[in-house]
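Novice: Dropping a structure here in structure tokens format, bear with me for questions.
The values are calculated or read from the model by the stated rules, or taken from the named source; none is laboratory data. Bear in mind the structure is a predicted one, so any value in this text is a computation, not a measurement. Methodologically, a virtual Cβ is constructed for each residue, glycine included, from the backbone with ideal geometry; neighbour enumeration extends over all protein chains shown.
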Amino acid sequence: MLHRLSGHYQTIVPNLFRRVPIDYRRERIHTDDGDFLDLDWLDHPDSRRLVILSHGLEGDSSRVYVASAAHYFARHGWQVVAWNCRSCSGEMNLTPKLYSHGQSEDLAAVVDHAIAQDRFDQIVLVGYSMGGNLTLKYLGTVGADRPAQVTHGVAFSAPCFIEHSVDSLERPDNWVYKRKFYNSLSAKIAAKEAQFPGTVDLSLLEGIRVWRDFDRAFSAPIGGYEDLDEFYAYLSSGNFVAETTAPVLIVNAQNDPIVPEACTPVELGRKHPLITVEQPRRGGHVGFALRGRDYNRMDERALAFVNETAAPRGICV
């Protein structure tokens, strides 16, 4: 019980009471399916190194853990772009599709846009929770076709096998997270139905009891899936990341209240030469606070991993 309580404390306190003001430069890019993504930049004109930061479920580029990483990498000479998933930048997106844990093609669009600028010799991907899952899935799906500039991937609190994280929301002590996600996503579902009438049946909201009901009624259909198991397989980066050709770090705390141990590809980390899995005892869910510091353990560990791990052969950084 104390272990669970410490996980909640280490999840909530670092993100509730810490403030990280940040002044981004916003850029809007357009996707191939007629939608848009808003990218928030911290520019460092003399640097040819870029970190791409991916936020968690119902997050955005202003979240404490993203802004903290942006400042930390910028302080160490990196350019930064923190991108916002569809519908997460303060404006509803344009297509019937929202976003999901598995929609790594949007991250691919951000990567391709950065490469097309011809300003970066090295690009590192760092993601948090859902954003960590997107980072891992992206590297797994591009595999040997990975752009040469993309040298490392780092994921914190990543639900690599999403069905286990979904089921963890049903624990009584996780009601606050479940309610928060439910309220926020339900509002977006309603907005999407108003935007595209007939997309979903809003009356089904009355019958939602567990999160699988929500995914079956809304998330899966909006994502183009009728079968829930097939949808979860599509979402889960653990089914793809073994194909990575770049070094990957996955850090999931043992006391994470949302991402249980079953979400972590421990065996893959033991066997795969490019995948490092770390399971510290403390940290909660994207918490990892450092007392008395203006950065956190995630910031420190991500940059250290990039600096200490060799980039793929043939890439000069």
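Novice: Kindly provide the set of residues from segment 245-286 that are more than 23 Å from GLN10 (Cβ to Cβ) and under 17 Å from the mean Cα position of the chain (by Cα), ordered by number.
Specialist: Of all residues in segment 245-286, those more than 23 Å from GLN10 (Cβ to Cβ) come to 245-248, 267-268, 270-275.
Correct list: VAL248 only.
Novice: Let me ask you something else. Being surrounded by fewer than 24 Cβ atoms within 10 Å (Cβ to Cβ), among the hydrophobic types (A, V, I, L, M, F, W, C) and within 14 Å of the chain's Cα centre (by Cα) is the filter here; which residues of segment 37-63 pass it?
Specialist: Let us first name the residues in segment 37-63 that are surrounded by fewer than 24 Cβ atoms within 10 Å (Cβ to Cβ), namely 37-49, 57-60, 62-63.
Next, from what is left, pick out any that are among the hydrophobic types (A, V, I, L, M, F, W, C): 37, 39, 41-42, 57.
If the condition is that a residue be surrounded by fewer than 24 Cβ atoms within 10 Å (Cβ to Cβ), among the hydrophobic types (A, V, I, L, M, F, W, C) and within 14 Å of the chain's Cα centre (by Cα), then LEU57 is the only one that fits.
Novice: Could you list, in sequence order, the residues of segment 35-49 that are in a strand (DSSP E or B) and closer than 27 Å to LYS97 by Cβ? Spell out how you get there, then give the answer.
Specialist: Filtering segment 35-49 down to residues in a strand (DSSP E or B) leaves 36-42, 49.
Within segment 35-49, PHE36, LEU37, ASP38, LEU39, ASP40, TRP41 meet the criteria.
Novice: Also: Of everything in segment 68-112, what is among the hydroxyl-bearing types (Ser, Thr, Tyr), surrounded by fewer than 17 Cβ atoms within 10 Å (Cβ to Cβ) and out of contact with any Ser or Thr (no Cβ under 9 Å at 6 or more places or on another chain)? Give them in sequence order. Reasoning before the result, please.
Specialist: Residues of segment 68-112 that are among the hydroxyl-bearing types (Ser, Thr, Tyr), as a first pass: 68, 72, 87, 89, 95, 99-100, 104.
Retained after the next criterion (residues that are surrounded by fewer than 17 Cβ atoms within 10 Å (Cβ to Cβ)): 95.
None - no residue of segment 68-112 is among the hydroxyl-bearing types (Ser, Thr, Tyr), surrounded by fewer than 17 Cβ atoms within 10 Å (Cβ to Cβ) and out of contact with any Ser or Thr (no Cβ under 9 Å at 6 or more places or on another chain), so the list stays empty.
Novice: Tell me, which strands (runs of 3 or more DSSP E) lie completely within segment 58-159 with 3 or more residues that are of a type outside the set (Val, Ile, Thr), under 30 Å from ALA190 (Cβ atoms) and at pLDDT 95 or above? Lay out the reasoning, then the answer.
Specialist: Working: elements: 79-84, 122-128, 150-156.
Strands (runs of 3 or more DSSP E) meeting the threshold: 79-84.
Novice: Identify the residue in segment 288-309 that is touching an Asp or Glu at 6+ places or on another chain (Cβ under 9 Å) and modelled with pLDDT of 95 or more and, among all such residues, is farthest from SER157 (Cα to Cα).
Specialist: Kept after step one, since they are touching an Asp or Glu at 6+ places or on another chain (Cβ under 9 Å), are these residues of segment 288-309: 288, 290, 293, 301.
Filter once more, so that each one left must be modelled with pLDDT of 95 or more: 288, 301.
On the way: PHE288: 10, ARG301: 13 Å.
So the residue we want is ARG301.
Novice: Considering only residues of segment 267-299 that are outside any strand (DSSP E or B) and of a type in the set (Asp, Glu), which is farthest from LEU16 (Cα to Cα)? Don't jump to the end; show me each part of the working.
Specialist: So the first thing to find is which residues in segment 267-299 are outside any strand (DSSP E or B), and the list is 267-274, 279-299.
Applying the additional criterion that residues be of a type in the set (Asp, Glu) yields 267, 294, 299.
Working: GLU267: 34, ASP294: 15, ASP299: 18 Å.
Per the stated criteria, the residue is GLU267.
Novice: Could you check segment 251-261 and list, in sequence order, the residues that are in contact (Cβ under 8 Å) with a residue 24 or more places away in the chain and out of contact with any Gly (no Cβ under 7 Å at 6 or more places or on another chain)? Reasoning before the result, please.
Specialist: Just the residues of segment 251-261 that are in contact (Cβ under 8 Å) with a residue 24 or more places away in the chain, to begin with: 251-260.
Listed by number, the residues that qualify are VAL251, ASN252, GLN254, ILE258, VAL259, PRO260.
Novice: Restricted to segment 194-232, and to residues that are farther than 20 Å from HIS164 by Cα and among the acidic types (Asp, Glu), which residue is surrounded by the fewest Cβ atoms within 10 Å (Cβ to Cβ)?
Specialist: Here the residue is GLU206.
Novice: Related question: Given the criteria modelled with pLDDT of 95 or more, in contact with a helix residue (DSSP H, G or I) (Cβ under 7 Å, 6 or more places away or on another chain) and either within 13 Å of GLY102 (Cα to Cα) or not aliphatic (A, V, I, L, M) (or both), does THR264 qualify? Quick ask: steps written out before the conclusion?
Specialist: Numbers: modelled with pLDDT of 95 or more: yes; in contact with a helix residue (DSSP H, G or I) (Cβ under 7 Å, 6 or more places away or on another chain): no; either within 13 Å of GLY102 (Cα to Cα) or not aliphatic (A, V, I, L, M) (or both): yes.
Judged against the criteria, THR264 is not a match.
Novice: Related question: Starting from segment 149-177, keep only residues that are within 26 Å of ARG301 (Cα to Cα), then list their pairs with residues that are part of a strand (DSSP E or B) and polar (S, T, N, Q) whose Cβ atoms are within a distance under 7 Å, requiring at least 6 positions of separation or different chains.
Specialist: GLN149/GLN122; THR151/GLN122
Novice: Taking segment 178-193 as the search range and keeping residues that are touching a residue at least 60 places away in the same chain (Cβ under 8 Å) and more than 21 Å from the chain's Cα centre (by Cα), which one is surrounded by the fewest Cβ atoms within 10 Å (Cβ to Cβ)?
Specialist: The extreme case among them is ALA191.
Novice: Working only within segment 262-296, note down all residues that are more than 23 Å from VAL150 (Cα to Cα) and free of Cβ contacts under 8 Å to residues at least 24 places away in the same chain.
Specialist: Correct list: VAL266, GLU267, ARG270, LEU290, ARG291, GLY292, ARG293.
Novice: Can you go through VAL51, VAL124, VAL110, VAL64 and tell me which one is over 17 Å from PHE156 (Cα atoms) and among the aliphatic types (A, V, I, L, M)? Give the derivation first.
Specialist: Numbers: VAL51 fails: over 17 Å from PHE156 (Cα atoms); VAL124 fails: over 17 Å from PHE156 (Cα atoms); VAL64 fails: over 17 Å from PHE156 (Cα atoms).
Exactly one residue qualifies, and that residue is VAL110.
Novice: Filter segment 9-36 for residues that are loosely packed, with under 11 Cβ neighbours inside 10 Å and at pLDDT below 90 and give the result.
Specialist: LEU16, PHE17, ARG19
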